[in-house]
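What follows is a single structure, written as structure tokens, with notes after it.
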Amino acid sequence: MPFPAASDHEGLPHGASFRVDRRDRSLSLSRSNFSGKNACHLGQLRVDNHIDPVVTSCLQEIDLFQLGDPHRAGIPRRRGIDMRLRYVLPTFVATASLTLAACSGDGGGGSSSEETDPSALMQGAMESYEAGDQFTATEPLNFSILWTEWPELPIKDSWEFFDVLEERTNVTLETTVIPLSDHVEKRSLLISAGDAPQIIPLVYSGEDRQFAASRAVLPVSDYLDYMPHFNKLIDDWDLEELLDTLRQDDGKLYMLPGLLEVSVPMFTLLVRKDTFDELGLDIPDTWEGFREAFLEIKQAHPDSYPLQDGFEGGSLLNYAARAFGTQAGWGFGNGVQWDDDAGQYEFAATSDEYREMLEFFHGLVDDGLLDPESFTTTTDGVERVERKIANGEAFAGSGASGTLLEWSVALDETVGEDNYELVQVPPPAGPAGAVVEPRGFWHGFMITADAKDSPDFIALIQFLDWLYYSPESREFLRWGVEGEQYTKDADGNITLEPDYTWATRKINPSGSIDIATDLGYSGFLAESTESLELRSSYDSQQTVDYIEQVLETRTPLPPPPPAPLTEEELEQSSLLFTALNDTVNTSNLQFILGERPLSEWDSYVAELEAQGLQSYVDLVNGAQQRFAESN
């Protein structure tokens, strides 16, 4: 069967199409209305002018799939060329035919049962590659990546970032673009259908569980011998114990995280220090101290609610809970906390510590110190708090370093520059002491299972090792090219050249070329792995001071022991936890706002028990014990 012309779609099922690249003799196939049943996992096919009939017969088994708008619904784009979804076939050097590697009926994106020796997949890989080396493929390579697009940072084919990356690595990235607004859902859809690109970035701890259970993504830990930069940072930054918390039931890692030299809570309490100074108040170190300070501020500003949260209480409870000996809000996680004395997990939201936390914040609401809207505003909470801070109706609230910048802009307009002072304070201490969340990771990446059948698979691993974990790459991703966009002095201080700006961070605002929006630097890939030096190169002085204070005055809790669930257990726990979590969230709101008295605590616990609380906790403890015994 002759290799078809680009316009020749005859013989393909309705809705399918393909694109021929004569330069590298590749065939890109697309389809619509895919149901995920009887799916062949296809993709780039390299042949010498012939295609075996087995491919056509397999294609005809595919139910077709429609994602909608190409860019926003996940259509790959290769530097200016829009393409329909690619499906991965093993690449063979063939002159007349090929053998289809995987055609499964589960739609789960799984790979073939035959394992390929990685040493046979060295196309484009560097034979000698060590920590400190620049990765450069020995021949031009194309790797596909899932690109999440921020509304304020739309991807551009003209970005210098792509060109410099290609110059340094000999790698061209083929991007499948999905919007931030529903990137989790679209990512799941693509992976489950077997349609995802090779590289799946922007993956946070725990988000890999469902894909690991179905083996739709690779156990990346099998290939750490090819990742010298990753291994060096794990050793240098003492992250081995923390890394173990990401292991799945089989003891393997299915995502590699962004590594942080230092880890401090990103969101914490931000305060108008000038207001405290005017009233002769020191910045307290404890929650009880802040309660007393807020009472003084309330007396001086009776129409105010001194404390605010713009995230439906999720941020506030997250950074506060650890000091009460529990976990809540954004940090509620899977709802269980480790009881070191008992040597097992317990449900956090039924603990005495959790109740004490709720009592404290109910007291703040009851005394008019904490705005009830902090828990009820669902759409413009961040903007609401910003307005109140700017108008002198609030003087403390939840936020991160970026929030400081937003508040500064607002206060410049209302009270004028230099007429206020904002500071980030370490999460206040509480009954459990001056403790903060365990050291953590930032978002990392997964690799789709079929990628391991590519002849350039080891080059892909080396490329990701350099991209995510090489200090040179991290600086490049953040700032661009040294000598062009920035300079670096003997002490490591980075300064943007006069023509360049980073508007989001208010760095060099007089520059005319934005390193992010115009050139593609400082995007989500730059957010992952960071040394303290690199982070300090762009953080405000307030944030640098905050990090130092946390490191000096707060103790991170130890990471809890791993308790990875099997695929069957994940399904069971998901059903149980959904109901439990809904009850917890509803009751949190009622208890804090006084809509339900805390005297009904026992009734609340009984409601959770009726929803399978003990079964859920038993699942987690069983998984923890099983993992400990086998590892």
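The values are calculated or read from the model by the stated rules, or taken from the named source; none is laboratory data. Since the model is a prediction, treat every value here as computed from it, not as a measurement. Glycine gets a Cβ as well: all are built from the backbone with ideal geometry, and neighbour counts include every protein chain shown. We work out accessible area using only protein heavy atoms, side chains counted, and drop any ligands, DNA or RNA first. Shrake-Rupley method; radii C 1.70, N 1.55, O 1.52, S 1.80 Å.
Quick notes
Rundown of residues vs (1) within 30 Å of Leu218 (Cβ to Cβ); (2) in contact (Cβ under 8 Å) with a residue 12 or more places away in the chain; (3) part of a strand (DSSP E or B); (4) over 29 Å from the mean Cα position of the chain (by Cα), yes/no style:
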residue	(1), (2), (3), (4)
Leu405	no, yes, no, no
Glu413	no, yes, no, yes
Glu417	no, no, no, yes
Val423	no, yes, yes, no
Pro438	yes, yes, no, no
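- Exclusive hit being buried (at least 21 other Cβ atoms within 10 Å of the Cβ) and more than 24 Å from Val436 (Cα to Cα), set Ser374, Ser304: Ser304
- Considering residues of region 451-480 that are farther than 29 Å from Met122 by Cα and of a type outside the set (Gly, Ala, Ser) only, the residue surrounded by the fewest Cβ atoms within 10 Å (Cβ to Cβ): Arg478
- Sole exception among (1) open to solvent by 30 Å² or more (accessible area, probe 1.4 Å); (2) of a type outside the set (A, V, I, L, M); (3) out of contact with any Leu (no Cβ under 6 Å at 6 or more places or on another chain) for Tyr254, by number: (1)
- Selection count, region 580-595, where residues are surrounded by 15 or more Cβ atoms within 10 Å (Cβ to Cβ) and in contact with a Leu (Cβ under 9 Å, 6 or more places away or on another chain): 7
- Residue match in region 146-163 (condition: hydrophobic (A, V, I, L, M, F, W, C), in a loop (DSSP other than H, G, I, E, B), open to solvent by 10 Å² or more (accessible area, probe 1.4 Å) and farther than 16 Å from Leu525 by Cα): no
- Any chance Gly416 is at pLDDT 95 or above, surrounded by 20 or more Cβ atoms within 10 Å (Cβ to Cβ) and not polar (S, T, N, Q): no
- When residues of region 539-554 are limited to those that are free of Cβ contacts under 8 Å to residues at least 60 places away in the same chain and more than 18 Å from Glu527 (Cβ to Cβ), the one most open to solvent (accessible area, probe 1.4 Å): Glu552
- Residue pairs meeting the criteria (Cβ under 6 Å; at least 6 apart or on separate chains; first more than 23 Å from Asp450 (Cα to Cα), in region 214-237; second open to solvent by less than 70 Å² (accessible area, probe 1.4 Å) and of a type in the set (Gly, Ala, Ser)): Pro228/Ala131; His229/Ala131; His229/Ser470; Lys232/Ala131
For (1) in the same structural domain as Phe211 (by the TED database); (2) farther than 30 Å from Lys506 by Cβ; (3) part of a helix (DSSP H, G or I); (4) open to solvent by 30 Å² or more (accessible area, probe 1.4 Å), each residue gets a yes or a no:
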| site | (1), (2), (3), (4) |
| --- | --- |
| Arg535 | yes, no, yes, yes |
| Pro561 | no, yes, no, yes |
| Glu568 | no, yes, yes, yes |
| Thr578 | no, yes, yes, yes |
| Ser599 | no, yes, yes, yes |
| Leu608 | no, yes, yes, no |
| Tyr616 | no, yes, yes, no |
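- Among residues of region 137-153 that are within 21 Å of Arg505 (Cα to Cα), those with a beta-carbon under 7 Å from a residue that is among the small types (Gly, Ala, Ser) at least six positions away or on a different chain give the pairs Leu153/Ala516; Leu153/Gly523.
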